1. For Ile209, which sequence-distant residues (separation of 5 or more, or a different chain) have an amide H within less than 5 Å of its own amide H, given hydrogens modelled in the peptide plane?
2. Multiplying the sequence separation of Ala179 and Asp78 by 0.36 nm and subtracting their Cα-Cα distance, what value in nm do you get?
3. Once you've got the Cα coordinates, tell me which of Lys28/Lys97; Lys11/Lys120; Lys11/Lys97; Lys97/Lys152; Lys11/Lys152 are over 30 Å apart.
4. If you place +1 on the Cβ of every Lys and Arg and -1 on the Cβ of every Asp and Glu, how big does the dipole about the Cα centre of region 8-99 come out, in debye to the nearest 20?
5. In Å², and per residue, what accessible area does region 1-143 have when probed at 1.4 Å with the other protein chains present?
6. Helix-derived [θ] at 222 nm for the chain: sum -39500 (n - 2.57) over DSSP H runs of at least 4, divide by residue count, nearest 500?
7. For the charge dipole of the chain, defined by +1 on Lys and Arg C-beta atoms and -1 on Asp and Glu C-beta atoms about the Cα centroid, which residue among Leu162, Leu62, Val77 has the Cα displaced farthest towards the positive pole?
8. Using θ = phi - 60° and the Karplus curve 6.51 cos²θ - 1.76 cosθ + 1.60, what whole-Hz ³J(HN,Hα) does each residue of region 60-65 get, with Gly and Pro shown as x?
Amino acid sequence: MTNDIQIDYAKLPSHIAIIMDGNGRWAKARGLERSAGHIEGVKSVRRITEEAARLGVKFLTLYTFSTENWNRPQDEVDALMSLIVSAIERETPDLIKNNIRLRAIGNLERVPSYALNRLKKCIEDTSHCTGLTLVVALSYSARWEIVEAVRKMANDAISGTLNPENISEETISEYLTTAQMPDPDLLIRTGGDMRISNFLLYQIAYTEIIVTPTYWPDYSGEEFRANIAQYQSRQRRFGLTGDQIETT
């Protein structure tokens, strides 16, 4: 890849979602503890967040910690929670400086109170920002999200505030944790694995997907721009034919 990657700023993806994978494998390949990979991965978060903000992307959602990750060894879970929140706190002044707003989605009730309170403070401190919205998917699972949405809709139907006959795709979207956000235009997965891993299952129905073998700690702003350029080279048909798209 070279520095002359051409991006059409008029066709930027409004919302980019990233499955940040490969921290542990990056560390193992270097004979390091897995925690070293997670620490190095934080640098990539900052690098890609700043690049997304500079380009003018509106939403960047990072798959930070899944509900399945709670099943990892307790010492790794504790280290990850501490690392995630400490990194967010450390970066908050720069988020504000770069006009980046922080949001969090997921089953936050499972997050330890010491971490959750600090996270909420960072979210509050950036709430006035109007540029890029950085969405941290923390203790997140798409199946959990859909179950929660169905439960809330059922309760509203019982209470009479929701007519089941009026439920539409848009209604369901309004009950998801990503309400008020556009669906991702582009999903990037680092680390080479060809799976979605329970991430934004409802929202990515027509999302363009790019998988790179690059481990997350090595993922650069240059490759990020190249992935955006690759996205822009595709024809998004949404069930139509290519000819139909070209005549619209």
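The values are calculated or read from the model by the stated rules, or taken from the named source; none is laboratory data. Keep in mind it's a predicted model, so treat the numbers as computed, not measured. Cβ coordinates were reconstructed from backbone atoms using ideal geometry, including for glycine residues, and neighbour counts include every protein chain displayed. Side chains included, ligands, DNA and RNA excluded: accessible areas come from the protein's heavy atoms. Shrake-Rupley method; radii C 1.70, N 1.55, O 1.52, S 1.80 Å.
1. The list, which skips near neighbours in sequence, is Leu187.
2. Numbers: separation 101, 0.36 × 101 = 36.36 nm, distance 2.97 nm.
Stretched fully, the Ala179-Asp78 segment lengthens by 33.4 nm.
3. Details: Lys28/Lys97 35 Å; Lys11/Lys120 33 Å; Lys11/Lys97 26 Å; Lys97/Lys152 37 Å; Lys11/Lys152 36 Å.
Those over the limit are Lys28/Lys97; Lys11/Lys120; Lys97/Lys152; Lys11/Lys152.
4. On the way: 13 positive and 13 negative charges, 64 e Å.
Computed about the Cα centre, the dipole is about 300 debye.
5. Values: 7180 Å² over 143 residues.
For region 1-143, the per-residue accessible area is 50 Å².
6. -14000 deg cm²/dmol
7. My answer, from the dipole projection, is Val77.
8. Each residue of region 60-65 in turn: 10, 10, 10, 6, 8, 7 Hz.
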